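Here, each number is a calculation from the coordinates, and none is a lab measurement. Everything numeric in this text was worked out from a predicted model, so none of it was measured. Backbone-built Cβ (ideal geometry, glycine too); neighbour counts: all protein chains shown.
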């Protein structure tokens, strides 16, 4: 293992790879040497991200599919195998909360059930379905790495985000279950892990954390007060953890949910 952190020669798929966190992860995997497929349902956004990676001498291309559509995902998988011959890495970065499912300023009983279901499906099913479809390829290969995106909401009760929290807790269980099952069936080179980001400003939560004048909201200030590092994270700060989990440096690591949170998950606030 002369270069244990390199991803040279590997083919990676990043769902939601044109989002803030997904985009940072995709670019980071490309810098580490992987060929990166940006998978999502928005062709223009996917191609823009892939083009940006290519401008920085990375190898990137697009796969257009909805993470909730099994048929589209199978088509994307077949396209990938025809073009690149294998699938070594899957990062499930698609997801996020659904505005209609929030209960910040109302009782949770007033949240429409279809909104709760939408948030559950986007996050949990949007990770489960790609994991099964691309994980099958890794099983046949006898090697591969899946990295899921969990959340602090899976560990701590965060107000306003019931369905999102349930979905992320489900992702933690999915990670552990798949890690055990795939290793037993296909050997020690098929691994499944997750990262649990703390609080980062993304397109979806920007209005929750940042006021129109650019200052932090009360919620953001409360988060920072409970974060020992006393700040929010930046997207690039999640990249190293994902790269490590995908690399040979983590060859004996499977089934973990790794916090990248500035200490939020271990702090009592006292």
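Helix 162-186 sits at what angle to the longest principal axis of the chain, using alpha carbons and giving 0 to 90 degrees rounded to 10? Its long axis makes an angle of about 20 degrees. Each label point was placed 7 Å from the Cα along the Cα-to-Cβ direction; for residue 213 and residue 74 their separation is 5.6 nm. Here the chain is treated as an ellipsoid with the same Cα gyration tensor; its semi-axes, largest first and in whole Å, are 29, 20, 19.
Residue ranges 156-165, 85-94 sort as 85-94, 156-165 when ordered by packing (mean number of other C-beta atoms within 10 Å per residue, highest first). Per-residue ellipticity at 222 nm for the chain, helices alone: DSSP H runs ≥ 4 residues times -39500 (n - 2.57), over residue total, nearest 500 deg cm²/dmol? The per-residue figure over the chain is -12500 deg cm²/dmol. With respect to the chain, whose longest principal axis is taken over its alpha-carbon atoms, helix 70-84 is tilted by about 40°.
Cβ crowding within 10 Å, taken as a proxy for footprinting-reagent exposure, orders 217, 127 from fewest neighbours to most as 217, 127. With Kirkwood's inverse mean 1/r over C-alpha pairs for Rh, give me the Rg to Rh ratio of the stretch 93-173, two decimals please. Here Rg/Rh amounts to 1.08. Distance distribution P(r), the stretch 163-253, all Cα-Cα pairs, bin width 10 angstrom from 0: 14, 33, 31, 17, 5, 0 percent.
May I ask you to give the average projected area over all directions of the convex hull of the Cα atoms of the stretch 38-126, in nm² rounded to one decimal?
Convex hull of Cα atoms, orientation-averaged projection: 7.4 nm².
Comparing 144, 187, 23 in a Gaussian network model of the chain (Cα springs below 10 Å), the most mobile by mean-square fluctuation is 187.
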